[in-house]
Amino acid sequence: MSDEQTPSGGPESSDTGRGDTGRSDTGRGGPGRGGPEPEEIRFFGTTWVHHDGGYGLRRAGAAAGSLALAAAGAVVLRFAFQGLEIAAVGPFVGILVVAGFAVCSALAFRRTWDGFVRRPAPGARGGADTSSQGLMLIGFIGSLLAYFCRSLVEAPGEKLYRAEYAAARERHERRRGARTGNPAAKEPRANKRR
């Protein structure tokens, strides 16, 4: 496919990690004014910026969905534990399994919660992410509970994204103000009047 035939939602536009919502944010600091665009949050898009577009319903849906998935996961784990009881592996193995899932869920909860509050350092990515994938998979109930708890307060990650968006807008306004107040740009106008 040539560049002219590539659809607007193709892979080129998804490389940035911030998809285009197809809406114009003219007058809100978005593309209409040439400012930075807010980053999308999963299940919320950019509705977190002004709490519009069904933001409250999305938050309620995210909270209810994550809680329902956590409950379903607990039922599945209960069936797995019953399988261990039927196999008569002994109380020691049962305790190890329960403790392992509890510890992994607690660590997954903490890691997911921290992801809503701050971004990981660029150097911390890579090896640490691949080594913790198994932990996150085993502790999926903890991740879902973190998502549920955060959805009760805000869109998960909204505080972090709002702070980054406000900082980007401030930098943009400062740069724009510095360009309009550039004395070198004003000098030729003053010379022309003389």
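The values are calculated or read from the model by the stated rules, or taken from the named source; none is laboratory data. Since this is a predicted model, take the numbers as computed values, not measurements. Neighbour counts run over all protein chains shown; Cβ positions are idealised from the backbone, glycine included. Surface accessibility is based on the protein's heavy atoms, side chains included, excluding ligands, DNA and RNA. Shrake-Rupley method; radii C 1.70, N 1.55, O 1.52, S 1.80 Å.
The figures follow:
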item	result
Under-5 Å amide H pairs with G45, H placed in peptide plane, nonlocal only	none
Per-pair calculated FRET efficiency, R0 = 30 Å: H50 and E173 via Cβ, rounded to 0.05	0.95
Segment 157-174 - phi-based ³J(HN,Hα) in whole Hz, Karplus 6.51/-1.76/1.60, Gly and Pro as x	x, 4, 4, 5, 5, 5, 5, 5, 5, 5, 5, 5, 5, 5, 4, 5, 5, 5
Length released on extending from R110 to A72, taking residue separation times 0.36 nm less the Cα-Cα span	11.6 nm
Sites L137 and E164, calculated FRET efficiency, Cβ-Cβ separation with R0 22 Å, nearest 0.05	0.20
Accessible-area value, L107, 1.4 Å probe, nucleic acids and ligands omitted, Å²	90
